[in-house]
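Structure, as structure tokens:
Please treat every number below as a calculation from the coordinates, not as lab data. Remember, it's a predicted structure, so these values are computed and weren't measured experimentally. Cβ sites come from the backbone with ideal geometry, for glycine too, and all protein chains shown count toward neighbours.
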Amino acid sequence: MTKSETQKKNRDVREEVRQYVERGRQSDNNLKLGKESFYSCFGKRMVDIFGGGILLILASPVILAAWIIVRISSPGPGFFSQKRVGHKKKIICVFKMRSMYIDHANRVNLKEVNEHQANGLLYKPEVDPRVTPFGQFIRKTSIDELPQLWNVVKGDMSLVGPRPLMLHMVKPFPEINSLRALVKPGITGEWQISARDDNTSIESMTRYDLHYAENYSFKMDMLLLIKTIPAVLKTRGAH
């Protein structure tokens with residue numbers, strides 16, 4: 001996609017979000033984003049504490065094994081944290097397994113990366129020279145995301161919700177972030193499951209995340225958690 005095409009796409013997304021908010025205002029402020037219910041106020045957090053805690057215990061052997069292999073296979077730490085935008089625009093530190101070389105900035109065209117980031121997009125080429133061989137495996141299997149179960153237990157994230165965006169992705173789209181931030185970010189969600197072949201598009205992300213923020217419920221969260229298993233096992237679009 002050329003720079004002009006990307007800019008046009010970004011303008012289209014902004015207009016789509018503006019129209020979305022305006023429709024809510026015109027319908028007697030009936031926009032349900034951030035709606036209050038027993039599940040949104042109490043139930044979702046209970047599911048995250050107990051479900052996230054159990055999953056963290058079950059995943060601990062995998063996390064430990066992956067940490068050891070990461071440390072042995074390339075110089076550097078096994079884990080790393082990254083600043084993301086969370087609930088109510090709070091800056092949170094998200095934990096992940098390290099999948100890149102320590103000198104990753106020297107292994108890629110920084111101009112190309114910066115152009116992507118300036119337009120709020122993710123730089124995720126099919127073959128990324130920044131990623132270690134074992135890093136490719138843990139990304140493809142989503143093992144690199146398992147440490148975020150600790151974010152869930154401590155309350156920064158939820159099991160299900162929009163992905164927590166990196167700071168550079170938020171700046172070009174303040175309208176989108178204002179709506180996404182009404183719910184806690186999650187490890188998995190509609191966009192991650194349904195758009196794994198289009199996982200760098202802010203346009204695609206916006207549609208799924210706003211739909212989730214407006215309609216999430218206990219039933220929806222359970223269905224998305226169940227659907228996450230085959231989506232991860234297929235490894236389609238994960239890189």
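Binning every alpha carbon pair distance of segment 37-233 at 5 Å from zero, what are the percents per bin?
Taking all Cα pairs of segment 37-233, the binned fractions are 1, 7, 15, 19, 21, 18, 11, 5, 2, 0 percent.
Once you put a point 7 Å from the Cα of K154 and another 7 Å from the Cα of F50, both along the Cβ direction, what distance in nm separates them?
2.4
If packing is taken as the mean number of other Cβ atoms within 10 Å per residue, what is the order of 83-90, 157-164, highest first? Walk me through the intermediate numbers first.
On the way: 83-90: 16.1, 157-164: 26.2.
Those peptides, ordered most packed to least, come out 157-164, 83-90.
With r defined as the distance between the Cβ atoms of N109 and K89 and R0 fixed at 35 Å, what FRET efficiency is calculated, to the nearest 0.05?
Calculated value: 0.65.
Using a Förster distance of 22 Å, how high is the FRET efficiency between L58 and M166, based on the Cβ-Cβ distance and rounded to 0.05?
Numbers: r = 28 Å, r/R0 = 1.28.
Computed FRET efficiency for L58 and M166: 0.20.
Starting from 0.36 nm per residue, how many nanometres of slack lie between A65 and F42 once their C-alpha separation is accounted for?
My answer for the length gained is 4.8 nm.
Taking +1 at the Cβ of each Lys and Arg and -1 at the Cβ of each Asp and Glu, which of M222, T188, V47 sits farthest along the dipole of segment 37-233 towards its positive end, judged by Cα position relative to the Cα centre?
Checking the options against the dipole of segment 37-233, the answer is V47.
What does the charge dipole of segment 37-233 about its Cα centre add up to, to the nearest 20 debye, if the Cβ of each Lys and Arg holds +1 and the Cβ of each Asp and Glu holds -1?
520
Longer than 25 Å from Cα to Cα, which of K44/K89; K140/K227; K90/K234 are they? Say none if no pair is.
As for pairs spanning more than 25 Å Cα to Cα, those are K90/K234.
Let me make sure I get this right: for segment 127-171, a, b and c are the square roots of the gyration tensor eigenvalues over alpha carbons, sorted descending. Under 1.5 in a/c it's rounded, otherwise prolate if a/b > b/c, else oblate. Which is it?
Oblate, because a/c is 1.5 or more while a/b does not exceed b/c.
Taking θ as phi - 60°, what are the ³J(HN,Hα) couplings along segment 217-226 by the Karplus curve (6.51, -1.76, 1.60), each to the nearest whole Hz, with x for Gly and Pro?
7, 4, 4, 4, 4, 5, 5, 5, 5, 5
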